[in-house]
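Bear in mind these aren't lab numbers, they're just calculated from the coordinates by the rules spelled out. Please read these numbers as outputs of a predicted model, since none were measured by experiment. Using ideal geometry, Cβ is built from the backbone for each residue, glycine included, and neighbour counts are taken over all protein chains shown.
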Amino acid sequence: MAGLVQLVLDFFSPPPKAKGAPQPHELQGLEHPQASRRIQLRGTTVLYLFRRSRRRTIGMAVGPDGLEVSAPRWVPLGEIEAALLEKQDWILRKLQDMQAHQQRLQGARIDWRDGVELPYLGQGMRVVLAPDHPFRERGAQLLPLTPEEPGTVAYQLRVGLPHHATAQQLRDAVQAWLMRRAREHFTERLQHFAPRLGVQWRKLSLSSAATRWGSASADGSIRLNWRLIHFKPDVIDYVVVHELSHLQVMNHSPAFWDTVGQVLPDYAERRAQLKDEALPGWD
């Protein structure tokens with residue numbers, strides 16, 4: 001049953017040194033839209049979605065909607081609330097991180113139109129409609145530009161759609177192109193790092209998960225979020241090495257981080273960039 005073991009890298013993994021608990025006034029609107037229970041955590045009222053399930057332990061997860069808790073049918077509510085109180089600092093940190101992330105996303109919504117700009121491999125890319133262009137690639141073609149100064153747009157993506165194309169059509173075409181390039185880039189980096197770690201991966205799948213960058217299963221399957229293609233190559237390499245390292249150590253113990261550090265000594269800096277940089281809001 002080893003193939004069922006899976007390690008995930010979520011958007012909000014805590015750094016090696018734990019931060020202090022957020023203050024109550026730093027957290028606002030902690031109400032899950034489908035909330036069925038509430039609890040006071042360090043003076044903050046948290047309304048959360050509660051479910052009974054067939055799982056054997058109490059589970060807690062913080063997503064874009066807020067806190068979700070699941071527990072076996074035989075566990076009394078008092079024991080569940082005690083578990084939440086025991087983990088209250090972790091819960092509040094996760095809720096604070098999620099709230100900050102959602103705010104960054106709101107400020108980075110993509111206005112899908114001719115000339116829209118978004119990041120590609122850490123650099124600016126301008127999307128332009130080119131209905132009459134003879135494309136060599138499916139649907140779109142990437143052209144490098146020569147920026148006149150640092151920070152300007154480095155690429156132009158010419159998309160084979162008419163000028164009257166809808167925002168949804170443009171979004172779908174750009175996403176399809178980015179996903180193809182993501183698979184190509186991720187595969188090349190997996191092939192590059194796997195021998196250095198002494199591991200073998202079997203299958204790469206692309207993910208569109210809302211809160212996870214990647215996951216690794218003991219059977220050698222790797223899942224990577226296609227939106228990583230927005231980041232600089234160094235940051236993408238960190239996620240690739242992170243997941244490949246799980247094929248050696250299926251936990252986040254010191255031995256795991258030693259494995260990552262043997263290949264990427266500066267992994268902590270790359271990890272910080274992964275957490276702090278705001279990406280375009282696709283959802």
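Ranked from highest to lowest mean number of other Cβ atoms within 10 Å per residue, what is the order of the peptides 118-127, 54-63?
Sorting 118-127, 54-63 by mean packing, highest first, produces 118-127, 54-63.
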- Query: Got a sec? How would I110, I80 order by Cβ neighbour count within 10 Å, fewest to most?
  - Reply: I110, I80
- Message: I need to check one value: relative contact order of the stretch 117-276, counting alpha carbon pairs closer than 8 Å and at least 6 residues apart, in percent.
- Response: 19
- Query: Near R73, within a Cβ-to-Cβ distance under 14 Å, what is the net charge of the other residues, with Lys and Arg +1 and Asp and Glu -1?
  - Reply: +4
- Given K87/K203; K203/K275; K94/K203, the pairs whose alpha carbons are separated by over 29 Å: K87/K203; K94/K203
